[in-house]
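**Student:** My structure is below; once you've seen it, I'll send some questions.
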Amino acid sequence: MNKFMDALGAKIAPIAAKIGGNLYLTVLRDAFMMSFPLTMFGSFIVVFNNLPFWPDSLKSTFSELFGNGQNATMSILTVFVTLGIGYYFSRAKEVEAIFGAVVSLAAYLILTPFFAEFDKVTQSGLLTLDRLGAKGMFLGMIAAFLASHLYVYFVKKGFVIKMPDGVPPAVSKSFSALIPVMGTLFIFLLANALMVGVFDTNLHDVIYNVIQKPLTGLGTSLPGTVVAIFLVQFLWFFGLHGQVIVNSVFEAFWQANATENATMLTDKGNAYLQEHGHIVTKSFMDTFTVSLGGSGSTLVVLLAILVFVKKKQYKDVARLGLAPGIFNVNEPVIFGMPLVMNAALFIPWLLAPVVSVIIAYAGFKTGLVPITTGAQVPWTMPVIISGFLATNSIMGSLLQLVQMLVIGVIWFPFLKMLDNSKDL
């Protein structure tokens, strides 16, 4: 068994390393991380404005007074992601990154319709929040990568205006970026003119309906979520950071759903959210997987070791891992027991998180647990607290406790096997 695992790990490691080191996925991950403090601020406003013990009149007042905290952060998340993609891609290609950021945002806005319909009447000169938020997420990513590519291409090809040495750096850099920026934006302007003038549509609606909506539905379905969790565990087993690798692929789907949930709650109320909201969101994945003790949901495993296991080596690991495990940092356990390349624990390591996420999904699907509000709860938030904050309901906390109980039941026979074995 160990030889098979070693051979499998030798095959998987190079593939996972390529995925984890892919420039586009790395840039996308960094762009989302750049927006993290802003989404956290917006999430705090969503949670505060919609606490379950506020009366409806007070919720309405808070929304009016503090709603811009959400509007200026979570509701226009695509703006920040677009800026981040342009910035980090340009920096990776060693060109002036700030111009890569602004040209990416401008290119995205060129493709964005500046009109809205109210009661079947079209009003021009308006830029709606949904275009800058979840609905425009995929177009924003595509436009940002294409625009930063074009900008870098023009710079690398030498299409720049070089100023004399005595010119201030800010002026010199602006003139150097002039032709690359104008060339890039002109291409996007032509593309938008083609869509509007010839096809009588816009790329926002085309990308959303043809690409984003189907992919998001697939990626955030129960099968897609199970695949994501399985891959996280599978990669971690071979010592690869499964969370980073898998999140870089799936995070755009999860974040888009979270933004839509927050918008539904703010605009149409909690009843509408519960009927039409998305189950699998960024806060769902963080709160009902990672917040149970890190990747693999190992907090209850540590508690079980302390209570039921007699071997000193495992008790020492559990004692050392308990404090960080409460805050969902479990590398001490993953590498200390170890769980990496430990064939004896391969089954519960893969099985428990998969079963746990299926239980969580069922809890939301049946309506026993309120759908997550879209607020992004920090993944380091301890269990029970995180469940309440993500759902604005004690049922979120109870669901986490049920998950931990099931995980403990799955792990228990394997822990007893470890305890009774002389070779492990």
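**Student:** Consider only pairs whose beta carbons are under 9 Å apart and that are at least six residues apart or on different chains; among these, list those whose first residue lies in the stretch 321-346 and is closer than 15 Å to LEU303 by Cα and whose second residue is among the acidic types (Asp, Glu) and modelled with pLDDT under 90.
**Tutor:** GLY321/GLU331; PRO324/GLU331
**Student:** Is there a residue being assigned to a helix (DSSP H, G or I), open to solvent by 60 Å² or more (accessible area, probe 1.4 Å) and in contact with a helix residue (DSSP H, G or I) (Cβ under 6 Å, 6 or more places away or on another chain) anywhere in the stretch 166-180?
**Tutor:** So far as the stretch 166-180 goes, no, none of its residues is assigned to a helix (DSSP H, G or I), open to solvent by 60 Å² or more (accessible area, probe 1.4 Å) and in contact with a helix residue (DSSP H, G or I) (Cβ under 6 Å, 6 or more places away or on another chain).
**Student:** If a residue has to be part of a loop (DSSP other than H, G, I, E, B) and not hydroxyl-bearing (Ser, Thr, Tyr) to count, how many in the stretch 263-313 make the cut? First the steps, then the outcome.
**Tutor:** As a first pass, look at the stretch 263-313 and keep what is part of a loop (DSSP other than H, G, I, E, B): 269, 277-281, 288-289, 293-298, 309-311.
Now drop any that are not not hydroxyl-bearing (Ser, Thr, Tyr), which leaves 269, 277-280, 288, 293-294, 296, 309-311.
Final tally of qualifying residues: 12.
**Student:** Right, another one. Does GLY321 satisfy being crowded, with 16+ Cβ neighbours inside 10 Å, in a loop (DSSP other than H, G, I, E, B) and among the small types (Gly, Ala, Ser)? Working first, answer last.
**Tutor:** Values: crowded, with 16+ Cβ neighbours inside 10 Å: yes; in a loop (DSSP other than H, G, I, E, B): no; among the small types (Gly, Ala, Ser): yes.
Spelling it out, it is not the case that GLY321 is crowded, with 16+ Cβ neighbours inside 10 Å, in a loop (DSSP other than H, G, I, E, B) and among the small types (Gly, Ala, Ser).
**Student:** Let me ask something else about it. So, of the residues in the stretch 291-307 that are open to solvent by 10 Å² or more (accessible area, probe 1.4 Å) and touching a residue at least 12 places away in the same chain (Cβ under 8 Å), which turns out to be farthest from the chain's Cα centre (by Cα)?
**Tutor:** Taking the stretch 291-307 first, the residues open to solvent by 10 Å² or more (accessible area, probe 1.4 Å) are 295, 299-300, 303-304, 306-307.
Filter once more, so that each one left must be touching a residue at least 12 places away in the same chain (Cβ under 8 Å): 295, 299-300, 303-304, 306.
Values: SER295: 15, LEU299: 22, VAL300: 25, LEU303: 29, ALA304: 31, LEU306: 33 Å.
Across the stretch 291-307, the extreme among qualifying residues is LEU306.
**Student:** If you don't mind, another one. Looking at GLY363, is it open to solvent by less than 30 Å² (accessible area, probe 1.4 Å) and either over 30 Å from LYS422 (Cβ atoms) or not in a loop (DSSP other than H, G, I, E, B) (or both)? Walk me through it before giving the result.
**Tutor:** On the way: open to solvent by less than 30 Å² (accessible area, probe 1.4 Å): yes; either over 30 Å from LYS422 (Cβ atoms) or not in a loop (DSSP other than H, G, I, E, B) (or both): yes.
The answer is yes for GLY363.
**Student:** Shifting gears a bit: Output the residues belonging to the stretch 108-141 that are over 16 Å from TYR88 (Cβ atoms) and part of a helix (DSSP H, G or I).
**Tutor:** Here is the first cut: in the stretch 108-141, the ones over 16 Å from TYR88 (Cβ atoms) are 109-139.
Result: LEU109, ILE110, LEU129, ASP130, ARG131, LEU132, ALA134, LYS135, GLY136, MET137, PHE138, LEU139.
**Student:** Scanning for something closer than 17 Å to GLU260 by Cβ, of a type in the set (Ser, Thr, Tyr) and either outside the structural domain of MET34 (by the TED database) or open to solvent by less than 30 Å² (accessible area, probe 1.4 Å) (or both), does the stretch 76-84 turn up at least one residue? Talk me through it step by step, then tell me what you get.
**Tutor:** As a first pass, look at the stretch 76-84 and keep what is closer than 17 Å to GLU260 by Cβ: 76-81.
In the following step, the residues that additionally are of a type in the set (Ser, Thr, Tyr) were identified as 78.
Still in the list and also either outside the structural domain of MET34 (by the TED database) or open to solvent by less than 30 Å² (accessible area, probe 1.4 Å) (or both): 78.
Yes, the stretch 76-84 contains at least one residue that is closer than 17 Å to GLU260 by Cβ, of a type in the set (Ser, Thr, Tyr) and either outside the structural domain of MET34 (by the TED database) or open to solvent by less than 30 Å² (accessible area, probe 1.4 Å) (or both).
**Student:** Here is a further query. Residue check: is VAL355 modelled with pLDDT of 95 or more and not in a helix (DSSP H, G or I)?
**Tutor:** Taking the combined requirement at face value, the residue does not satisfy it.
**Student:** Could you tell me whether any residue of the stretch 185-204 is closer than 29 Å to ALA97 by Cα, hydroxyl-bearing (Ser, Thr, Tyr) and either open to solvent by less than 50 Å² (accessible area, probe 1.4 Å) or not in a helix (DSSP H, G or I) (or both)?
**Tutor:** No, the stretch 185-204 has no match at all.
**Student:** State yes or no: is TYR108 among the aromatic types (Phe, Trp, Tyr), open to solvent by 10 Å² or more (accessible area, probe 1.4 Å) and in the same structural domain as GLY140 (by the TED database)? So that I can check it myself, show each step before the final result.
**Tutor:** Details: among the aromatic types (Phe, Trp, Tyr): yes; open to solvent by 10 Å² or more (accessible area, probe 1.4 Å): no; in the same structural domain as GLY140 (by the TED database): yes.
No, not satisfied.
**Student:** Count, please, the residues in the stretch 90-104 that happen to be in a helix (DSSP H, G or I) and over 21 Å from LEU194 (Cβ atoms).
**Tutor:** Let us first name the residues in the stretch 90-104 that are in a helix (DSSP H, G or I), namely 90-92, 97-104.
Checking the rest, the ones that are also over 21 Å from LEU194 (Cβ atoms) come to 90-92, 97-102.
Total meeting the criteria: 9.
**Student:** Inspect the stretch 338-356 for any residue being within 20 Å of VAL406 (Cα to Cα) and polar (S, T, N, Q) and give the result as yes or no.
**Tutor:** Pass one, the stretch 338-356, residues within 20 Å of VAL406 (Cα to Cα): 339, 344-356.
Now restrict to residues that are polar (S, T, N, Q): 356.
Yes: one or more hits.
**Student:** Here's another thing I want to ask about it. Name, by its number, the condition in (1) closer than 22 Å to GLN255 by Cβ; (2) out of contact with any Ser or Thr (no Cβ under 7 Å at 6 or more places or on another chain) that does not hold for SER397.
**Tutor:** The number of the failed condition is (1).
**Student:** Do you know which residues across the stretch 38-58 are within 24 Å of LEU132 (Cβ to Cβ) and open to solvent by less than 50 Å² (accessible area, probe 1.4 Å)?
**Tutor:** Going through the stretch 38-58, the residues within 24 Å of LEU132 (Cβ to Cβ) turn out to be 38-50.
Across the stretch 38-58, the qualifying residues are THR39, MET40, GLY42, SER43, ILE45, VAL46, VAL47, ASN49, ASN50.
**Student:** Follow-up. Go through (1) over 24 Å from the mean Cα position of the chain (by Cα); (2) within 15 Å of LEU77 (Cα to Cα) one by one and return the number of the condition LEU139 breaks.
**Tutor:** (1)
**Student:** Restricting to the stretch 120-141, name every residue that is crowded, with 22+ Cβ neighbours inside 10 Å and small (Gly, Ala, Ser).
**Tutor:** Taking the stretch 120-141 first, the residues crowded, with 22+ Cβ neighbours inside 10 Å are 131-141.
GLY133, ALA134, GLY136, GLY140 - these are the residues of the stretch 120-141 that are crowded, with 22+ Cβ neighbours inside 10 Å and small (Gly, Ala, Ser).
**Student:** Out of the stretch 142-162, which residues are open to solvent by 60 Å² or more (accessible area, probe 1.4 Å) and not in a helix (DSSP H, G or I)?
**Tutor:** Within the stretch 142-162, LYS157, PHE159, LYS162 qualify.
**Student:** Is one or more of the residues making up the stretch 238-251 more than 24 Å from VAL27 (Cβ to Cβ) and open to solvent by less than 20 Å² (accessible area, probe 1.4 Å)?
**Tutor:** Taking the stretch 238-251 and keeping what is more than 24 Å from VAL27 (Cβ to Cβ), we get 238-239.
With open to solvent by less than 20 Å² (accessible area, probe 1.4 Å) added as a condition, the list becomes none.
Taking every residue of the stretch 238-251 in turn, none turns out to be more than 24 Å from VAL27 (Cβ to Cβ) and open to solvent by less than 20 Å² (accessible area, probe 1.4 Å).
**Student:** So, one more: Return the residues of the stretch 375-424 that are outside any helix (DSSP H, G or I), open to solvent by less than 30 Å² (accessible area, probe 1.4 Å) and under 11 Å from SER291 (Cα atoms); say none if nothing qualifies.
**Tutor:** Scanning the stretch 375-424 gives VAL377, PRO382, VAL383.
The values are calculated or read from the model by the stated rules, or taken from the named source; none is laboratory data. Because the structure is a prediction, the values reported are computed rather than measured. A quick note on method: Cβ atoms are made from the backbone with ideal geometry, for glycine too, and the neighbour counts reach across all protein chains shown. The area values use the complete protein model at the heavy-atom level, side chains included, leaving out ligands, DNA and RNA. Shrake-Rupley method; radii C 1.70, N 1.55, O 1.52, S 1.80 Å.
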